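A.B. asks: Please find one structure pasted underneath; my questions will follow.
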Amino acid sequence: MDRPENQIELIEFLAAKKDYKSAQAELEKWQKGNDTSSDRIGEVCYLESLVLFGLARYGEALEKGNLAYQLFRHTLDNKRIARVQFHLGDIFIATGQLKSAQEILQDAIASFRRA
């Protein structure tokens with residue numbers, strides 16, 4: 001079985017390529033093969049949010065993305081925090097919340113710099 005990081009990267013890759021059905025299938029496969037311990041819940045929420053966003057289910061994507069952010073924001077994983085913030089910015093743009101998008105994207109830039 002692949003290490004979780006490899007599966008996570010695959011799901012992110014598929015979402016970036018806009019192959020959301022495959023990303024969703026890989027996410028379900030990854031979830032079945034792994035426990036959802038507290039250290040993985042943030043990853044699962046982030047990946048679910050990516051898939052939901054791609055399927056134009058923005059409200060659910062925002063909910064999962066916010067949960068992922070809440071779980072990561074008190075960690076030292078600045079790269080993951082920045083990716084989640086950037087993703088939240090995409091959701092805000094898609095839903096017309098431009099002021100919120102601007103704020104979270106500025107935070108994402110700062111997080112990327114810390115990373």
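A.B. asks: Going by what's in this entry, would Leu98 be described as out of contact with any helix residue (DSSP H, G or I) (no Cβ under 6 Å at 6 or more places or on another chain) and not hydroxyl-bearing (Ser, Thr, Tyr)?
C.D. replies: Here the answer is yes, as Leu98 does meet what is asked.
So that you can scan it fast, the table gives a plain yes or no per residue for (1) closer than 15 Å to Ile8 by Cβ; (2) at pLDDT below 90:
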{"position": "Ala23", "(1), (2)": "yes, no"}
{"position": "Trp30", "(1), (2)": "yes, yes"}
{"position": "Thr36", "(1), (2)": "yes, yes"}
{"position": "Arg57", "(1), (2)": "no, no"}
{"position": "Asp90", "(1), (2)": "no, no"}
{"position": "Leu105", "(1), (2)": "no, no"}
{"position": "Ala110", "(1), (2)": "no, no"}
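The values are calculated or read from the model by the stated rules, or taken from the named source; none is laboratory data. Quick caveat: nothing in here was measured; it's all calculated off a predicted structure. A quick note on method: Cβ atoms are made from the backbone with ideal geometry, for glycine too, and the neighbour counts reach across all protein chains shown.
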